[in-house]
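Trainee: Before anything else, here's the structure in question.
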Amino acid sequence: MQWLNEYTFPCEAGMQKLQDASDVYRKAVKRLLTNGTTCAVYFGSLHLQPTKLLVDIVRDMGQRAFIGKVHVWGIQNAWCSSIAMPARPEVDGL
């Protein structure tokens, strides 16, 4: 849990801001394409809108990809406590 609390959860909390998510996703996709990765598997954010943004970025940059939306159930911490968890997975919008 220490690694999640120090690195993963703070990064995930920042992904709620679409500009921050856009910057991270564009850099990641560009780096993979530059290094010859034409097909990738991504796990987006806990948040639906940033995950949809990742889909748009991958499409716009011409990479083939499978993109999944992350779901975390039962973890309580300072970073995720403000995230409203739906009663069922939020897949209708993808």
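Trainee: Can you find, within region 31-57, the residue that is modelled with the lowest pLDDT among those that are in a helix (DSSP H, G or I) and touching a Lys or Arg at 6+ places or on another chain (Cβ under 8 Å)?
Mentor: LEU48
Trainee: Now for a different question. Could you list all residues from region 15-30 that are assigned to a helix (DSSP H, G or I) and loosely packed, with under 15 Cβ neighbours inside 10 Å? Full working, then the answer.
Mentor: Of region 15-30, the ones assigned to a helix (DSSP H, G or I) are 18-30.
Matches in region 15-30: LEU18, GLN19, ASP20, ASP23, LYS27, LYS30.
Trainee: Something else about it: Considering only residues that are touching a strand residue (DSSP E or B) at 6+ places or on another chain (Cβ under 6 Å), hydrophobic (A, V, I, L, M, F, W, C) and modelled with pLDDT of 85 or more, look in region 58-94 and name the one that is surrounded by the fewest Cβ atoms within 10 Å (Cβ to Cβ).
Mentor: PHE66
Trainee: Would you check if there is a residue in region 1-17 being closer than 17 Å to ILE67 by Cα, touching a Leu at 6+ places or on another chain (Cβ under 7 Å), in contact (Cβ under 8 Å) with a residue 24 or more places away in the chain and not charged (D, E, K, R)?
Mentor: no
Trainee: Looking at (1) touching a Gly at 6+ places or on another chain (Cβ under 9 Å); (2) within 17 Å of GLY68 (Cα to Cα); (3) surrounded by 13 or more Cβ atoms within 10 Å (Cβ to Cβ), which is the only condition VAL41 fails?
Mentor: In the conditions (1) touching a Gly at 6+ places or on another chain (Cβ under 9 Å); (2) within 17 Å of GLY68 (Cα to Cα); (3) surrounded by 13 or more Cβ atoms within 10 Å (Cβ to Cβ), VAL41 misses (3) alone.
Trainee: Would you check if CYS39 is within 13 Å of the chain's Cα centre (by Cα) and without any contact (Cβ under 8 Å) to a residue 60 or more places away in the chain?
Mentor: Here the answer is no, as CYS39 does not meet what is asked.
The values are calculated or read from the model by the stated rules, or taken from the named source; none is laboratory data. In this text, all values refer to a predicted model and were calculated from it rather than measured experimentally. Cβ sites come from the backbone with ideal geometry, for glycine too, and all protein chains shown count toward neighbours.
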